[in-house]
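Remarks on the structure that follows.
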Amino acid sequence: MNPVKTISSNPFADQKPGTSGLRRKVSVFTRDGYLENFVQAIFRAVFPETGGGCRGKCLIVGGDGRYYNRQAIQIIVRMAAANGFGKLLIGRGGLLSTPAMSCLIRKHSAAGGVMLSASHNPGGPDADFGVKFNGANGGPAPEAVTDAIYRETLAIREYLTLESADIDLDRPGLTYLGGMEIEMIDPVADYAALLVELFDFDKISQLLANRRFHMCFDAMHAITGPYAIEILERQLGAEPGTVINGVPDECFGGGHPDPNLAHARELVERMNGDAPLAFGAASDGDGDRNLIMGSGCYINPCDSLAILAANARLAPGYREGLAGVARSMPTSRALDRVARNLGIPCYETPTGWKFFGNLMDAGRITICGEESFGTGSNHVREKDGLWAVLFWLNIIVESRKPARSIVREHWLRYGRDYFTRHDYEELDAGGAGEMMGRLREGIGGLAGRGAGELQIAGADDFAYTDPVDGSHSEGQGIRIFFSDDSRAVFRLSGTGTANATLRLYCEKHESDPARMEFDTQRMLARTLAAAGEIAGIAEFTGRTAPDVIT
Ligand code: VG1
Ligand code: CO
């Protein structure tokens, strides 16, 4: 029986996917028909009738375990069966990390996957939920697909579902619904097996067996708990308790599962505690981000990306070298210096992992990353938190140096790219939009003007043409280049669920070894002040200071 639910005319005009899928408050997602409307729109856009529809195809489903994960999966299971999918693979307990989702799609040659997560946004009845679709290559749907999904959300008039009891998400093995086979699979096994191929597990276990090398991994009550316990503690032999906050919680223990110095407080305390640790790391809600810390040092994600690229050959999976690298536009140019040195291309893409997919599929890049604590490679088509942690451990063990020395030596060789991001959250959307609008309008007249203590050398609104399929994206962030070679970038977040978030990114290269250990905010003070003055941040937002500095 396939009941067809008819939707009154266009009830949900707001289902436009952002930087990473559709994110809304739980109270919005639980409105009658809201999730169903979006899921049916995905099915119609990605599996059109002209291509045989959903019939017989295999789909992966899972989520980061946040509030509403289980209920949402039951809804999607019924809809998948009613739409004619042949097979569903679901992470046991409804759990999957984003990189594991990507790994499973590729390994099982699935037609795609529906991932339930709002990533680093908090979870709970009053917090956020999200849905994103990954295609057959394992990567986030590119803009052409998310645009098509959005068009379907506006045109849709009905969705297909079944009437049936809930399936048991915790029992491994096979069940059937309608003509569809459902398999509950181990969420960790395939992913862990993939990491074994890339990194030297024997050597990393020797490092972790050395009782002078203590490390901590903070799963932040989110999805990476089961993955980190299996891989770090069980397979690599790290002492029990290395993974903290390792049980996924619907509300992430009431915190933001966002691995940065502001939110990964417990990790930071342990790193600075009485018995200092050699290495620390954390991951976000859905396991695709990473924070890396050495003893007495926080490693900026832009530096981390550049250092992984520079030392990639130390890990078995990258021994042959890199085809190329890529970074999102706001990410510092530290990576570009490494690419130049290696003689490989470095691509600059708009913010969001979906822009890396074509480059990886075409074999143009091996490693890529973003300033927002995201790093990854072509082993999957998502950023991957635990991958970055193992990569760092592999480099530490092969180079026989602590993380801090690896960073220092990198700076001495390439110079240091000071980088910071200032976030102004929950702004009035009107004021923030007006500020960006004015900046855009005035962009042509900025070059040559003075701003604070600096001169403006040039400015533009970042646009990107994909070198593989020629697709074009505009309005991806305003870049201002200053005469001291520093840079400021403005863009509005596409992942928030409440009002607007302004992100201001600043960076400046420093090659004088005597100035390499200075305070980041002080080193960037002139650029930050000039940027604030040009945009009129205080005037348009009413704020005199950012909410979060990373
Ligand atoms: C943010 C980050 C971006 C990242 C995106 C998804 O987007 O800036 O780099 O790709 O989150 O990450 P925005 O539009 O809010 O700046 V995740 O880990 O939340 O899927
Ligand atoms: Co994430």
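Listed values, structure above:
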read-out: Selection count where residues are free of Cβ contacts under 8 Å to residues at least 24 places away in the same chain and either touching a strand residue (DSSP E or B) at 6+ places or on another chain (Cβ under 8 Å) or part of a helix (DSSP H, G or I) (or both), scope segment 401-412; value: 2
read-out: Wholly enclosed strands (runs of 3 or more DSSP E) of segment 253-319 bearing at least 3 residues in contact (Cβ under 8 Å) with a residue 60 or more places away in the chain; value: 279-282, 291-294
read-out: Residue match in segment 256-266 (condition: of a type in the set (S, T, N, Q) and surrounded by 18 or more Cβ atoms within 10 Å (Cβ to Cβ)); value: yes
read-out: Test set (1) of a type in the set (Phe, Trp, Tyr); (2) out of contact with any Ser or Thr (no Cβ under 8 Å at 6 or more places or on another chain); (3) under 18 Å from Ala189 (Cβ atoms) - Tyr227 fails condition number; value: (2)
read-out: Residue within segment 228-246 that is under 25 Å from Ala118 (Cβ atoms), under 22 Å from the mean Cα position of the chain (by Cα), within 16 Å of ligand 1 (Cβ to nearest atom) and not aromatic (Phe, Trp, Tyr) present; value: no
read-out: Qualifying positions in segment 362-378 - away from ligand 2 (no atom under 16 Å from the Cβ) and crowded, with 22+ Cβ neighbours inside 10 Å; value: Ile365, Thr366, Ile367, Ser377
read-out: Failed criterion for Arg23 (all others in (1) in contact (Cβ under 8 Å) with a residue 40 or more places away in the chain; (2) surrounded by fewer than 23 Cβ atoms within 10 Å (Cβ to Cβ) hold); value: (2)
read-out: Yes/no for Asp64 being assigned by TED's automatic domain parsing to the domain that holds Ala100, among the charged types (D, E, K, R) and touching a residue at least 40 places away in the same chain (Cβ under 8 Å); value: yes
read-out: Unique residue being in the same structural domain as Ala118 (by TED's automatic domain parsing), over 23 Å from Gly287 (Cα atoms) and surrounded by fewer than 24 Cβ atoms within 10 Å (Cβ to Cβ) when the list is Lys87, Lys107; value: Lys87
read-out: Qualifying strands (runs of 3 or more DSSP E) (wholly inside segment 345-394; at least 3 residues being without any contact (Cβ under 8 Å) to a residue 60 or more places away in the chain and not aliphatic (A, V, I, L, M)); value: none
read-out: When residues of segment 155-186 are limited to those that are surrounded by fewer than 13 Cβ atoms within 10 Å (Cβ to Cβ), hydrophobic (A, V, I, L, M, F, W, C) and under 32 Å from the mean Cα position of the chain (by Cα), the one modelled with the lowest pLDDT; value: Ala155
read-out: Yes/no for Val325 being surrounded by fewer than 24 Cβ atoms within 10 Å (Cβ to Cβ) and β-branched (Val, Ile, Thr); value: no
read-out: Failed condition for Glu426, given (1) farther than 15 Å from Ala531 by Cβ; (2) in a helix (DSSP H, G or I); value: (2)
read-out: Matching residues in segment 328-354 - criterion: being within 16 Å of His472 (Cα to Cα) and either within 16 Å of ligand 2 (Cβ to nearest atom) or among the small types (Gly, Ala, Ser) (or both); value: Ser328, Thr351, Gly352, Trp353, Lys354
read-out: Condition met for Ser20 (at pLDDT below 95 and over 30 Å from Ala219 (Cβ atoms)); value: no
read-out: Residue ID - nearest to ligand 2 (Cβ to nearest atom), chosen from residues in segment 291-307 that are out of contact with any strand residue (DSSP E or B) (no Cβ under 6 Å at 6 or more places or on another chain) and closer than 23 Å to Gly324 by Cβ; value: Pro301
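The values are calculated or read from the model by the stated rules, or taken from the named source; none is laboratory data. For clarity, every value in this text was computed on a predicted model and none was experimentally measured. Don't worry about glycine lacking a Cβ; one is built from the backbone with ideal geometry, like all the others, and counts go over all protein chains shown.
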